[in-house]
Amino acid sequence: MIDFTVVWRGETTLREMTADLTAADLGREMEEFSRHVEQLLAACDDFDVTFQPVDRRLRMR
């Protein structure tokens with residue numbers, strides 16, 4: 001995956017860092033990112049991915 005650390009540290013700009021990337025490069029990066037996210041999700045259970053909203057302004061009777 002693309003390492004954005006040098007941009008976050010201010011050592012280069014996003015434009016400079018990505019100047020030589022092609023559409024094919026970005027496609028490969030997107031595939032790698034998607035595989036990574038799928039692996040992370042596969043390791044989750046319901047507790048990890050379930051959101052139970054809580055409205056503290058709501059009074060329970």
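The combined condition, being part of a helix (DSSP H, G or I), modelled with pLDDT under 95 and either hydroxyl-bearing (Ser, Thr, Tyr) or surrounded by 10 or more Cβ atoms within 10 Å (Cβ to Cβ) (or both), is not fulfilled by Leu21. Look at segment 28-41: where a residue is closer than 9 Å to Met1 by Cα, no partner that is small (Gly, Ala, Ser) and loosely packed, with under 10 Cβ neighbours inside 10 Å sits 6+ places away or on another chain with Cβ atoms under 6 Å. The residues in segment 1-47 that are within 16 Å of the chain's Cα centre (by Cα) and among the acidic types (Asp, Glu) can be counted, and the count is 5.
If you go through segment 1-9 one residue at a time, do you hit one that is among the aliphatic types (A, V, I, L, M) and in contact with a Leu (Cβ under 7 Å, 6 or more places away or on another chain)? Yes, there is a match, as at least one residue in segment 1-9 is among the aliphatic types (A, V, I, L, M) and in contact with a Leu (Cβ under 7 Å, 6 or more places away or on another chain).
The single condition from (1) assigned to a helix (DSSP H, G or I); (2) free of Cβ contacts under 8 Å to residues at least 12 places away in the same chain; (3) not charged (D, E, K, R) that Phe51 fails is (1). The set of residues from segment 1-18 being charged (D, E, K, R) and in a helix (DSSP H, G or I) comprises Arg15, Glu16.
The values are calculated or read from the model by the stated rules, or taken from the named source; none is laboratory data. In this text the structure is predicted, and so the values were computed from the model without any measurement. Here the Cβ is made from the backbone with ideal geometry for all residues, glycine too, and neighbour counts use every protein chain on show.
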